[in-house]
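Have a look at the structure below before the remarks.
The values are calculated or read from the model by the stated rules, or taken from the named source; none is laboratory data. No experiment lies behind these values; they were computed from the predicted model shown. Don't worry about glycine lacking a Cβ; one is built from the backbone with ideal geometry, like all the others, and counts go over all protein chains shown.
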Amino acid sequence: MIVDKANAALDSVYGADTPETLAQAYAAWAATYDSETASLGYLLPFLITAWVARHVPVGEGPLLDAGCGTGLSGPSLKALGYGDIAGLDLSDDMLKIAGSRNAYSELKQAMLGGPLPWADGHFRTFFSTGVFTISHAPASSLHELVRITQKGGHAIFTVRDQVFESGGFQAVFDELTRTRKWRPVEQSSWFRCYAIAEPDVLVKTFVFEVM
């Protein structure tokens, strides 16, 4: 069944112990990622557009889809009137699919947690879903993402419940607030990121204004 395949793929990416094995897992999953995550009722790439639309006026950009995967968010944002969207992902196979959607102005292969190939304050806002989760991007990635976001712009992203405390996210939030790199704007309650399967998999959306 397609749900069983999706669960097996999730086990593979959550079980990755190095960036290389994570990239390999996504390369193997790329071709069937969209249909298999749809079978689970994966909400995040579409739901994040609500927070983007709440805080970023149409016409302002560019935006960065950090960890864009196959680019599921891009067409939804394009339909809402956003026209300057860049994407980054660690998987070239996923980026090729994202590029086929004709919704992104720029796509780059890069690893969250390391240096990113853009100048200070390049983006109006970055958004990210399903990236701050088990065996994926570390909380320290936020420092570099904030660097490439302009003052007055926004950081909009989800964090998985299982890594929020163990991954040190609150400590990074507090450091960026203390050093006046950003200020908190809003956060959601914990909610399901799969509408159909995996009812215990919870995430929270956070929004900060970059200073």
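Taking the criterion of being more than 16 Å from the chain's Cα centre (by Cα) and surrounded by fewer than 21 Cβ atoms within 10 Å (Cβ to Cβ), would at least one residue in region 84-91 satisfy it?
Checked region 84-91: at least one residue is more than 16 Å from the chain's Cα centre (by Cα) and surrounded by fewer than 21 Cβ atoms within 10 Å (Cβ to Cβ).
Taking the criterion of being out of contact with any His (no Cβ under 7 Å at 6 or more places or on another chain), more than 19 Å from His55 (Cα to Cα) and in a strand (DSSP E or B), would at least one residue in region 88-101 satisfy it?
There is at least one residue in region 88-101 that is out of contact with any His (no Cβ under 7 Å at 6 or more places or on another chain), more than 19 Å from His55 (Cα to Cα) and in a strand (DSSP E or B).
Could you list, in sequence order, the residues of region 38-73 that are hydroxyl-bearing (Ser, Thr, Tyr), within 22 Å of Leu107 (Cα to Cα) and more than 11 Å from the chain's Cα centre (by Cα)?
Answer for region 38-73, where residues must be hydroxyl-bearing (Ser, Thr, Tyr), within 22 Å of Leu107 (Cα to Cα) and more than 11 Å from the chain's Cα centre (by Cα): Thr49, Thr70.
Any residue that is free of Cβ contacts under 8 Å to residues at least 24 places away in the same chain and exposed (fewer than 15 other Cβ atoms within 10 Å of the Cβ) - is there at least one of those in region 159-166?
Yes: one or more hits.
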Looking only at region 55-74, filter to residues that are in contact (Cβ under 8 Å) with a residue 40 or more places away in the chain, out of contact with any Asp or Glu (no Cβ under 7 Å at 6 or more places or on another chain) and not in a strand (DSSP E or B); which one of those is farthest from Lys96 (Cα to Cα)? His55
Would you pick out the residues in region 117-130 that are hydrophobic (A, V, I, L, M, F, W, C), surrounded by fewer than 21 Cβ atoms within 10 Å (Cβ to Cβ) and either closer than 13 Å to Phe206 by Cα or touching a Lys or Arg at 6+ places or on another chain (Cβ under 8 Å) (or both)? none
Check whether at least one residue in region 119-139 is without any contact (Cβ under 8 Å) to a residue 12 or more places away in the chain and of a type outside the set (A, V, I, L, M), and report yes or no. no
Got a sec? Which of Lys96, Lys78 is under 26 Å from Val207 (Cα atoms) and either surrounded by 14 or more Cβ atoms within 10 Å (Cβ to Cβ) or at pLDDT 65 or above (or both)? Lys78
May I ask you to list the residues in region 180-211 that are farther than 19 Å from Ala53 by Cβ and either part of a strand (DSSP E or B) or among the acidic types (Asp, Glu) (or both)? Trp182, Arg183, Pro184, Arg192, Tyr194, Glu198, Asp200, Leu202
List pairs: first in region 173-197 and without any contact (Cβ under 8 Å) to a residue 40 or more places away in the chain, second surrounded by 15 or more Cβ atoms within 10 Å (Cβ to Cβ) and part of a loop (DSSP other than H, G, I, E, B), Cβ under 9 Å, 6+ apart or cross-chain? Phe173/Ala139; Glu175/Lys181; Phe191/Leu43
One residue is enough: does region 101-108 have a residue meeting the conditions of a type in the set (A, V, I, L, M, F, W, C) and either without any contact (Cβ under 8 Å) to a residue 24 or more places away in the chain or touching a Cys at 6+ places or on another chain (Cβ under 9 Å) (or both)? yes
Please verify whether region 134-145 includes one or more residues that are at pLDDT 95 or above and among the β-branched types (Val, Ile, Thr). no
Criterion violated by Ala103 - all others in (1) in contact with a Leu (Cβ under 6 Å, 6 or more places away or on another chain); (2) buried (at least 21 other Cβ atoms within 10 Å of the Cβ) satisfied: (1)
